[in-house]
Amino acid sequence: MGRPDETAFTHPEMDHPDGDHPHEECGVFGVWGAADASALTALGLHALQHRGQEASGIVSFDGEKFHNHRGLGLVGDNFSDARVIAALPGRAAIGHNRYATTGDTVLRNVQPLYADFEFGGLAVGHNGNLTNAMALRRALVRRGCLFQSTTDSEVFVHLIAISLYSTVVDRLIDALKQVQGAYSLVSLTGEALIGVRDPFGVRPLILGRLPTPAKDGGWVLASETCALDIVGAEFVRDIEPGEIVVIDDSGVRSIKPWAKQPSRFCIFEYIYFARPDSIVEGTPVYEVRKRIGAELARESHPDADVIVPVPDSGVPAAIGYAAEAGLPFELGIIRNHYVGRTFIEPTDSIRNLGVKLKHSANRALIEGKRVVLVDDSIVRGTTSRKIVEMVRAAGAAEVHMRISSPPTTHSCFYGIDTPEREKLLAARNDVDAMARIIGVDSLAFISIDGLYRAVGADNRDPKRPQFCDACFTGDYPIPLTDFAAATNDRQLSLLAEG
Ligand code: SF4
């Protein structure tokens, strides 16, 4: 609103001063059959704000026409004005929160994407990342398709447009069979709300039902259960990996166009991405995080006086760790939730103060103590180092760090924004070297086996639920077609350079 279309934009709340966490991906939400569908969608997007803070959008259908509003920034920036919601009438709507994993943060990349087809309008919101989008895009451009955005998600629109099948659902299946990667989709046509989860089920998607009669008993699709709670909807079930649900006034129809294969749900959703009050794949996220902390304490526990979480994401694991270790849990680091856009930092000394904008040490709880800091992940290590310096400056006698994920040694290509591999601290250093760089007396990560025990799965038993754990193991379940082609191109150009 009021910002020029093509101006790249960073919102203060997503201007992460740290590179020590992967960034969340996207959140999707959809409603069918409720009088105030757009207002419910705005509420759902609020609950999913942690999954994307760069932009948000809603498309509604009023029985005759589609309406849409998309904007850069937080949901509150775009949908607080009642007039905006009033301009999105209808009993069906879909919404999307974006964190850019591909494409710039400009208005034309904000979802839901919308297009007019020969069969009518279709809007789509995508959580995930396609691994062959560049290859498909090049082929589509050669066939004359004109792309309006730089997002991977737009290939869905063009593949649907050129499909020779007649029904929307058959065209969608035709398109899905050509893409590779991770996708949980919500799509809205004049006839139905459609939800899709990729065959590996990498990203979450759930079905809920609004109460009858207050909200007409309408249906809801959402990335997480926390978005059902905010609109008063009941959880019905997870959309299964490889399932398409078509929701209209006659109910929910399920289509499974792919042969069943083992699920590879993103294990990082449990560690960090999902909101702690969400129930993911039938398991409460908060409980899993506490169990991970307890496993971590069983695996590696130094002599210490106090367990301190790196807030906010390290809190549940630290609670589990402290309970297992039998040590006090204290909020020895306080997080400032009201940090605005980091001001321009003119000198190194001012820049080094930057971390204190977001975190400060609670000296009374730390001074003279042997402290175990618990955090969920280390990506680049920059913020960890600054936090350790801060805790030492507050008088800690010893600083140990325990991480509730295994070392992040590989980049994610399935919808999570991680730096390229060379920038990952764990890709270049063993744990001892990382401890020296971060400046701790000791450092340990939960083992991959310990992580699987905490989520209640066995990573060596092919019959039990499996997860994607590629950022810890390099075992990518879905081909990295574009990445492999780019690597090949780079190698060819190096060879050409001699
Ligand atoms: S690579 Fe890591 S972050 Fe990406 S989907 Fe797999 S487990 Fe999740």
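Calculated mean residue ellipticity at 222 nm for the chain: -8000 deg cm²/dmol, from DSSP H runs with n ≥ 4 weighted as -39500 (n - 2.57), summed, divided by the residue count and rounded to 500.
In this label model, residue 253 and residue 62 are separated by 2.8 nm, measuring between points 7 Å along each Cα→Cβ vector.
Once the Cβ-Cβ distance of residue 420 and residue 363 is raised to the sixth power relative to R0 = 30 Å, the FRET efficiency obtained is 0.20. Taking all Cα pairs closer than 8 Å and separated by 6 or more residues, the relative contact order of segment 239-321 comes to 21 percent. Computed on segment 12-266, with alpha-carbon pairs under 8 angstrom and 6+ residues apart, the relative contact order is 20 percent. For the peptides 38-51, 415-428, residues were scored by their other Cβ atoms within 10 Å and the scores averaged per peptide; the highest-first order is 38-51, 415-428.
When the C-alpha to C-alpha distance is required to be over 27 Å, the pairs from 290/369; 65/177; 369/423 that qualify are 65/177; 369/423. Peptides 404-411, 467-474, 314-321, ordered by how many other C-beta atoms sit within 10 Å of their residues on average, highest first, read 314-321, 404-411, 467-474. Length gained on full extension, residue 214 to residue 117, computed as 0.36 nm times the residue gap minus the Cα-Cα distance: 31.5 nm.
Take the convex hull of the alpha carbons in the chain; its mean projected area over all directions comes to 25.4 nm².
In this structure the chain gives 41 Å² per residue of accessible area when probed at 1.4 Å with all protein chains present. With the alpha-carbon atoms of segment 12-266 aligned to their principal axes, the span from lowest to highest coordinate is 48, 48, 37 Å, starting with the largest.
If you roll a 1.4 Å probe over segment 12-266 with all protein chains in place, what percent of the accessible area is carbon or sulfur?
51
Evaluate 2.2 N^0.38 Å with N set to the residue count of segment 95-207, then give the Cα radius of gyration divided by it. Present the calculation step by step, with values, prior to reporting the outcome.
On the way: Rg = 13.0 Å, N = 113, 2.2 N^0.38 = 13.3 Å.
Cα-based Rg divided by the globular estimate yields 0.98.
Taking every DSSP beta bridge with both residues inside the chain, roughly what % is antiparallel (nearest 5)? In the chain, approximately 80 percent of DSSP beta bridges are antiparallel ones.
The values are calculated or read from the model by the stated rules, or taken from the named source; none is laboratory data. All values reported here derive from a predicted model rather than from experimental measurement. FYI the Cβ positions are ideal-geometry reconstructions off the backbone, even for glycines, and counts take in every protein chain you see. To get the accessible areas, we keep the full protein, side chains included, count just its heavy atoms, and leave off ligands, DNA and RNA. Shrake-Rupley method; radii C 1.70, N 1.55, O 1.52, S 1.80 Å.
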